[in-house]
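Reviewing the structure listed below.
What follows is calculated from the coordinates using simple rules that are stated; it is not laboratory data. As the structure is a computational prediction, the values presented were derived from the model and not from experiment. For neighbour counting, all protein chains shown are included, and Cβ atoms are generated from backbone atoms with ideal geometry for every residue, glycine included.
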Amino acid sequence: YLFFETVLIPTFILIMGWGYQPERLHATLYLLFYTIFASLPLLVSLLLIWEMSGSLNWLYHHYYNIFNGNFNWLIMLWFFFFTFAFLVKIPIYTCHLWLPKAHVEAPISGSMILAGVLLKLGGYGLYRTYIIFKDFFMIFSNYYSVYVIMGSTLASFICLYQSDMKSLIAYSSVAHMGLVVGGFMTLSSVGFNGGLIMMLGHGLCSSGLFCVANIMYERTRSRSLMLNKGLMNLYPSLTLWCFLLVICNISAPPSMNLIGE
């Protein structure tokens, strides 16, 4: 939990120190408050687990069920608190508002680290907590699946209205990570492996897209899709990279995303 939260500090410094616009203050506040308020219930849940079982060792919880078949509303609330922190970090639709703001205001290094590493922490957290809350995942997985797939669809529609390149890539990340959670919620080995491969593939191609968007921004001093037209005549090699990364993002072969999806 400590390292899960400490990750915010370098990101905060990157956005505040090397961001472009004055709105970066707003973006960092969104980032901090969303993730910290979602993570405080997680800390309380961890302390409760420690009090009930006397151990925070993952292997111990793998072999010993601390709930013993109890399904009261308090334990269900506990389960939602535990997963909510990771769903905000991923982020799924409705918990995603911090992500486009952070991406738009962050420098290139911040955007690439945010897309490639930070978003995957939420997925990793869900994979690890499955051991403790296996029974609850089996009960609620269908509801979660419907929710995240609908969220991914809505995020995809939002992409159609974006004119800022970074914002567009950020919303496509929300759609992709929703699919990762949808795969995880099948609770099958195929779903787990598919989600894992998709996280790896998305981390690579999304970071690459942010890099290409930044190269365009450095040349034209604008991230607007309207003002960046006709760059193929000026930078043919950049167009090739952009095309390759975009087809990776839409899961065309031979990308990892195709295997994952």
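Overview of results
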read-out: Computed [θ] at 222 nm, helices only, for the chain once each DSSP H run of length n ≥ 4 contributes -39500 (n - 2.57); value: -24000 deg cm²/dmol
read-out: Distance in nm between pseudo-label sites at residue 13 and residue 246 (7 Å out along the Cβ direction from Cα); value: 3.7
read-out: Estimated FRET transfer efficiency (residue 149, residue 73; beta-carbon r; R0 30 Å; 0.05); value: 0.70
read-out: Relative contact order for segment 2-260, counting Cα pairs under 8 Å that sit 6 or more residues apart, in percent; value: 19
read-out: Proximal charge balance of residue 177 [Cβ under 12 Å; K/R count +1, D/E count -1]; value: +2
read-out: Inter-probe distance in nm under a simple model that places probes 7 Å from Cα toward Cβ, at residue 63 and residue 37; value: 4.2
read-out: Reachable aspartates and glutamates from residue 120, criterion Cα separation under 15 angstrom, eight or more residues apart if same chain; value: 5
read-out: Net charge of neighbours whose Cβ lies under 12 Å from the Cβ of residue 122, counting Lys and Arg as +1 and Asp and Glu as -1; value: +3
read-out: Extension gain from residue 186 to residue 128, taking 0.36 nm per residue of separation minus the Cα-Cα distance; value: 19.3 nm
read-out: Dipole of segment 2-260 [Lys/Arg +1, Asp/Glu -1 at C-beta], most positive-end residue of 109, 85, 32; value: 109
read-out: Net charge of neighbours whose Cβ lies under 14 Å from the Cβ of residue 224, counting Lys and Arg as +1 and Asp and Glu as -1; value: +4
read-out: Alpha carbon Rg of the chain, scaled by the compact-globule rule 2.2 N^0.38 Å; value: 1.07
read-out: Estimated FRET transfer efficiency when R0 is 41 angstrom, pair residue 161-residue 2 (beta carbons, to 0.05); value: 0.55
read-out: Linear extension gain, residue 44 paired with residue 142, 0.36 nm per residue minus alpha-carbon span; value: 32.7 nm
read-out: Inter-part distance where segment 185-261 and segment 121-146 are each reduced to a Cα centre, Å; value: 28
read-out: Value of relative contact order over segment 116-215, rounded to a whole percent, pairs C-alpha under 8 Å and six or more apart; value: 34
read-out: Relative packing of peptides 178-185, 134-141 - highest average C-beta neighbours within 10 Å first; value: 178-185, 134-141
